[in-house]
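What follows is a single structure, written as structure tokens, with notes after it.
The values are calculated or read from the model by the stated rules, or taken from the named source; none is laboratory data. As the structure is a prediction and not an experimental result, all values here were calculated from the model. Note that we place each Cβ from the backbone using ideal geometry, even for glycine, and neighbour counts take in every protein chain shown.
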Amino acid sequence: MLNITLPDGSKREFAGPVTVAEVAASIGAGLAKAALGGKVNGQVVDLSHRIDVDAQLAIVTDKDADGLELIRHSTAHLLAYAVKELFPEAQVTIGPVIENGFYYDFAYKRPFTPEDLAAIEQRMAELAKKDEPVQRRVLPRDEAVAHFQAMGEHYKAEIIGSIPEGQDVSLYREGGFEDLCRGPHVPSTGRLKHFKLMKVAGAYWRGDHRNEMLQRIYGTAWATKDALQQYLTMLEEAEKRDHRKLGRELDLFHLDEHSPGTVFWHPKGWTVWQQVEQYMRRVYQDNGYQEVKGPQILDKALWEKTGHWDKYRDAMFTTESEKRDYALKPMNCPGHILIFKQGIKSYRDLPLRYGEFGACHRNEPTGGLHGIMRVRAFTQDDGHIFCSEDMILPECVAYTALLQKVYADFGFTEIIYKVATRPAARIGSDAIWDQAEHALIESLRQSGCSYEIAPGDGAFYGPKIEYTLKDALGRQWQCGTMQVDFSMAERLDAEYVAEDGSRQHPVMLHRAIVGSLERFIGILIEQHAGALPAWLAPVQVIVAPITDQQADYADFVVKTLQKQGVRAASDLRNQKITYKIREHSMQKVPYILVVGDKEKANGAVSVRARGNLDLGVLPLDDFAVKLADDTLRKV
């Protein structure tokens, strides 16, 4: 007898081998109809997969994350099917699932047009309605190569040819289209109903710029019509909030081909930067950090000692002077160790917390650059805590609490916690990794945080907690980190005198809260749709006189507020007051103060808050108190 154990612990017996579809049918007709695949002993498989030994089985439907993955994977194949139907000369290459969708790369004699994209999507819908079964077969490698060569699919033949000789490969067929794929897939094309093609982009074959350029068609697919519509609506809102668009409209920054991947901050944008930096500087000061500053260029030999050279040299900018090789720093940690090493340190000095707004450079590929979110030159709110082993846990607990407060002040209340564990390529013993991983996990438990494990995603020198924000649109941004490192201080011979008089290497905790300031400001712009809270806004108050007769009073109001630290300016242009209000509202200024003869006579201001809210006439001193309260409450 064959025993199948279901997720609820119940068992079903079968006389012999059985398919996933047959198990689903034995449970109920409703489940059999909803089933997209199965998960046998943790591995997702086709409904046609045959189980011939006792196993654990979960039936996968479109309500499961694995089911959505199956839908997207199969929709990528549906895309290729439609392209081959409409453009028989096109060659198919690869088509993986990506976040929120999929893509497929094609070789074709001319660029695909928007009209082509619409036609392909229409053909996909027609093929889905045919509800053709998706069938799997297996061929020996060499036979599969010959099969695709005969079809004229040279890219597929090349992919298969790179598979070790003697191995079998699986192919999936739907209607007149057959594709190389490991699978699994949905049972028929009729299960693919809610999709949309998004755009066409260029992509090099196998990601190598020395190879030919292909055309990459991106698409998205969802389990329900509502989920698809919600995603498309979110994209529309995200486009409105795009930090690059708002950066231009609000005159915050620009990017220039004279220096790709770096940011030219305009006065208003640099004001926002300063608000973020000065806030984080106060966080340093209030939590026992000593601010330091390291050099930009360090000898190649230092990066070799730390292990960064072998790991990151392709992403490092290098230079040479007097026959010595140097690198622009891609991170700040080695410099902080060199500062720690100056003078004798005692266990009484620990924990020693260094913080730096460290400018770093990384040679990101041009295609990976994205506004101020992904750049080549960036500044981190970087910190390193030098401590003893027994201090790791309390330092991590305190850090999580601090990070939560900082994020809340910036308007983020939902945080995802993930522990990234040891990668295959790493330094240090397993015992050290065990200790470091345990400390991070225990710190989150003590902090009352639910967390996920990300196996193998740790840094080469230590595991880490990744702190990911959810923004107003539900998008996720990984910003903060806490990394436990037993190795780097030892590699650079950093020591402290322990209580027993022995020399010990400190544990090094690498931490950042906002991470790259450039990227974090981009996230803030998109989170608030450019309408930054008053405490962050580059211009907090605009004072607009109704006529020239109140210009002197407007100037008095501005100077009074400026003396209290308010970022205020006046608009003395010979324009109608309605025009001024509309223009500064579009610039998303938190408060517009209108002053006429009555306000001037009474030492008052007529207050309009962002969102076209009329707060009425207030004494100037009362308005100043209100704004100070906004700043204190971070709103």
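Pairs needed: first member in region 503-520, in contact (Cβ under 8 Å) with a residue 40 or more places away in the chain; second member anywhere, among the aromatic types (F, W, Y) and part of a helix (DSSP H, G or I); C-beta distance under 7 Å; at least 6 residues apart or different chains.
As it stands, the answer is R511/Y399; V514/F520; L517/W273, since those pairs meet every condition given.
Taking region 13-42 as the search range and keeping residues that are assigned to a strand (DSSP E or B), without any contact (Cβ under 8 Å) to a residue 60 or more places away in the chain and in contact with a His (Cβ under 9 Å, 6 or more places away or on another chain), which one is surrounded by the fewest Cβ atoms within 10 Å (Cβ to Cβ)? Don't jump to the end; show me each part of the working.
Step one: filter region 13-42 for residues assigned to a strand (DSSP E or B), giving 13-14, 18-19, 37-40.
Going one step further and asking which of them are without any contact (Cβ under 8 Å) to a residue 60 or more places away in the chain, we end up with 13-14, 18-19, 38-40.
Now restrict to residues that are in contact with a His (Cβ under 9 Å, 6 or more places away or on another chain): 19, 38, 40.
Working: T19: 16, G38: 26, V40: 18.
Step by step, filter region 13-42, then rank; the result is T19.
Scan region 289-314 residue by residue and report those that are of a type in the set (F, W, Y) and more than 13 Å from K329 (Cα to Cα).
Once the filter is applied, which keeps residues that are of a type in the set (F, W, Y) and more than 13 Å from K329 (Cα to Cα), region 289-314 yields only Y289.
Just for helices (runs of 4 or more DSSP H) wholly inside region 94-206: which have at least 2 residues that are within 17 Å of A80 (Cβ to Cβ) and without any contact (Cβ under 8 Å) to a residue 24 or more places away in the chain?
Fully inside region 94-206 and qualifying: 114-129, 154-161.
Given the conditions (1) surrounded by fewer than 16 Cβ atoms within 10 Å (Cβ to Cβ); (2) within 30 Å of H243 (Cβ to Cβ), which single one is not true for R445?
Looking at each condition in turn, R445 falls short on (2).
Give region 207-233 a look and list any residue that's acidic (D, E) and touching a residue at least 40 places away in the same chain (Cβ under 8 Å), or say none.
Of everything in region 207-233, just one residue is acidic (D, E) and touching a residue at least 40 places away in the same chain (Cβ under 8 Å), namely E212.
Yes or no: Q550 under 39 Å from the mean Cα position of the chain (by Cα) and either in a helix (DSSP H, G or I) or over 21 Å from Q275 (Cα atoms) (or both)?
Values: under 39 Å from the mean Cα position of the chain (by Cα): no; either in a helix (DSSP H, G or I) or over 21 Å from Q275 (Cα atoms) (or both): yes.
For Q550, the condition - under 39 Å from the mean Cα position of the chain (by Cα) and either in a helix (DSSP H, G or I) or over 21 Å from Q275 (Cα atoms) (or both) - is not met.
Looking at region 272-297, which of the residues that are assigned to a loop (DSSP other than H, G, I, E, B) and in contact with a Lys or Arg (Cβ under 9 Å, 6 or more places away or on another chain) is nearest to A359 (Cα to Cα)?
Step by step, filter region 272-297, then rank; the result is Q296.
Residue-by-condition table, conditions (1) of a type in the set (V, I, T); (2) touching a Lys or Arg at 6+ places or on another chain (Cβ under 8 Å); (3) more than 20 Å from L232 (Cα to Cα); (4) modelled with pLDDT of 95 or more:
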site: E69; (1), (2), (3), (4): no, no, no, yes
site: L79; (1), (2), (3), (4): no, no, no, yes
site: K84; (1), (2), (3), (4): no, no, yes, yes
site: G95; (1), (2), (3), (4): no, no, yes, no
site: N100; (1), (2), (3), (4): no, no, no, no
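Looking at region 435-457 only, could you name the residues that are charged (D, E, K, R) and either under 14 Å from V507 (Cβ atoms) or in contact (Cβ under 8 Å) with a residue 12 or more places away in the chain (or both)?
Answer for region 435-457, where residues must be charged (D, E, K, R) and either under 14 Å from V507 (Cβ atoms) or in contact (Cβ under 8 Å) with a residue 12 or more places away in the chain (or both): E437, E442, E452, D457.
When you go through (1) part of a loop (DSSP other than H, G, I, E, B); (2) over 26 Å from H308 (Cβ atoms); (3) of a type outside the set (K, R); (4) touching a residue at least 24 places away in the same chain (Cβ under 8 Å) one by one for L393, which number turns out not to apply?
If we test L393 against (1) part of a loop (DSSP other than H, G, I, E, B); (2) over 26 Å from H308 (Cβ atoms); (3) of a type outside the set (K, R); (4) touching a residue at least 24 places away in the same chain (Cβ under 8 Å), just (1) comes out false.
Kindly check whether there is at least one residue in region 279-299 that is in contact (Cβ under 8 Å) with a residue 24 or more places away in the chain and touching a Pro at 6+ places or on another chain (Cβ under 7 Å).
Yes, there is a match, as at least one residue in region 279-299 is in contact (Cβ under 8 Å) with a residue 24 or more places away in the chain and touching a Pro at 6+ places or on another chain (Cβ under 7 Å).
In region 238-258, what residues are within 23 Å of P365 (Cα to Cα) and either touching a residue at least 12 places away in the same chain (Cβ under 8 Å) or surrounded by 13 or more Cβ atoms within 10 Å (Cβ to Cβ) (or both)?
Across region 238-258, the qualifying residues are D242, H243, R244, K245, G247, F253, H254, L255.
Checking the conditions here, which among D131, D116, D142 is farther than 21 Å from S48 by Cα and at pLDDT 95 or above?
None of the other options fit; the residue is D116.
Could you grab the pairs with beta carbons closer than 8 Å, sequence gap of 6+ or different chains, first residue in region 43-56 and under 16 Å from A32 (Cα atoms), second one exposed (fewer than 11 other Cβ atoms within 10 Å of the Cβ)?
If the second residue must be exposed (fewer than 11 other Cβ atoms within 10 Å of the Cβ), no pairs are left.
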